[in-house]
Amino acid sequence: MRKINRIFTQSDSDSFVAHMCARAECDLRGPETWERDLLAALAWIAQETHVVHTWSPERLRENVSITLPAIPGLWDRPRVLLAPAAAADPVSQAAVIAHECQHVYQLRHRYVDSLWPAPLAYIYLYGTSDEARAASEAEASGCDVAVDAWLTGRDPNAIASERLASLEGAGYGHLGVGDLKLAADLMRSYAATVGSGISPPMRSAHEAMDWLKNNGLFS
Ligand SMILES: [Zn+2]
């Protein structure tokens, strides 16, 4: 498996994040922003009214990074809201950004043949189809597994198992057994690709690998 040949510093991580967001044409918002406060308030309302399953407001505030689509009149590019936990160390930050940037690519490109605008079709299917949500999260998680494995030298399969445990928890919209298996099969396949020394077939993972090569972290 490939791994980097020097320490990945906070300054490396910040440059990586800036590059990934520039390539994905999205904006990054840190943990202390009004958008996070608004999402936590919405999660509290959802929890109290039982209208939809969602993360608890506490979990959302601390642990959940999230990508919002462009909203005409409010902001014109997708926004990645970084969770405090994601900004805790250079590797976590880089892995989470690779994950969220893949969601940005999905938003823009996944349903370009739909009768609806692609981002709207993506959001609708993400919200209503367990299969679509499982496949989207497996792809995005494949990107963060790759970056984590490249930066730490850890076994990508072991990292994928950690991510799957999180998918099986409360965090991802209560996927059924079949859709969890779909996510698991996809993630095992991406982890095997990372283990064989190449990038899994997602744009964000390709961009991440290019950055690591161009900045002397891969020999
Ligand atoms: Zn995700």
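The values are calculated or read from the model by the stated rules, or taken from the named source; none is laboratory data. Because the structure is a prediction, the values reported are computed rather than measured. Cβ sites come from the backbone with ideal geometry, for glycine too, and all protein chains shown count toward neighbours.
Does the stretch 196-211 contain at least one residue that is part of a helix (DSSP H, G or I), within 16 Å of the ligand (Cβ to nearest atom) and among the aromatic types (Phe, Trp, Tyr)?
Within the stretch 196-211 (the criterion being part of a helix (DSSP H, G or I), within 16 Å of the ligand (Cβ to nearest atom) and among the aromatic types (Phe, Trp, Tyr)), the answer is no, since none of the residues qualifies.
With the condition kept exactly as written, say whether any residue in the stretch 71-86 is within 13 Å of the ligand (Cβ to nearest atom), charged (D, E, K, R) and in contact with a helix residue (DSSP H, G or I) (Cβ under 9 Å, 6 or more places away or on another chain).
No, that holds for no residue.
Please work out which residue is surrounded by the most Cβ atoms within 10 Å (Cβ to Cβ), limiting yourself to the stretch 60-76 and to residues that are without any contact (Cβ under 8 Å) to a residue 40 or more places away in the chain and part of a loop (DSSP other than H, G, I, E, B).
Within the stretch 60-76, the match that is surrounded by the most Cβ atoms within 10 Å (Cβ to Cβ) is Ser65.
Looking at this structure, is Arg79 within 24 Å of Ser166 (Cβ to Cβ) and in contact (Cβ under 8 Å) with a residue 12 or more places away in the chain?
yes
Does the stretch 82-99 contain at least one residue that is surrounded by fewer than 17 Cβ atoms within 10 Å (Cβ to Cβ) and not aliphatic (A, V, I, L, M)?
Yes, because at least one residue in the stretch 82-99 is surrounded by fewer than 17 Cβ atoms within 10 Å (Cβ to Cβ) and not aliphatic (A, V, I, L, M).
Determine if the stretch 90-111 includes at least one residue that is modelled with pLDDT under 95, within 16 Å of the ligand (Cβ to nearest atom) and outside any helix (DSSP H, G or I).
Looking for residues that are modelled with pLDDT under 95, within 16 Å of the ligand (Cβ to nearest atom) and outside any helix (DSSP H, G or I), one finds at least one in the stretch 90-111, hence yes.
Being crowded, with 17+ Cβ neighbours inside 10 Å and away from the ligand (no atom under 13 Å from the Cβ) is the filter here, so list the residues in the stretch 122-137 that pass it.
Hits for the stretch 122-137 are Leu125, Asp130.
Looking at Ser161, Ser189, Ser196, which one is within 17 Å of the chain's Cα centre (by Cα) and farther than 25 Å from Ala18 by Cβ?
Ser161
A quick yes/no check of all residues on (1) closer than 21 Å to Ala208 by Cβ; (2) modelled with pLDDT under 95; (3) within 16 Å of the ligand (Cβ to nearest atom); (4) in contact with a Pro (Cβ under 8 Å, 6 or more places away or on another chain):
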{"site": "Glu139", "(1), (2), (3), (4)": "yes, no, yes, no"}
{"site": "Trp150", "(1), (2), (3), (4)": "yes, no, no, no"}
{"site": "Leu164", "(1), (2), (3), (4)": "yes, yes, yes, no"}
{"site": "Leu175", "(1), (2), (3), (4)": "no, yes, yes, no"}
{"site": "Asp179", "(1), (2), (3), (4)": "no, yes, yes, no"}
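Pairs under 6 Å by beta carbon, first residue under 19 Å from Val64 (Cβ atoms) and of a type in the set (D, E, K, R) in the stretch 140-154, partner assigned to a helix (DSSP H, G or I) and at pLDDT 95 or above, six or more apart or different chains?
Asp144/Ala95; Asp144/Ala98; Asp144/His99; Asp148/Ala95; Asp148/Ile159
Residue check, Leu186 against (1) at pLDDT 95 or above; (2) within 16 Å of the ligand (Cβ to nearest atom); (3) closer than 30 Å to Ile7 by Cβ; (4) touching a Ser or Thr at 6+ places or on another chain (Cβ under 9 Å), all met but one. Which one?
Checking Leu186 against (1) at pLDDT 95 or above; (2) within 16 Å of the ligand (Cβ to nearest atom); (3) closer than 30 Å to Ile7 by Cβ; (4) touching a Ser or Thr at 6+ places or on another chain (Cβ under 9 Å), the one that fails is (3).
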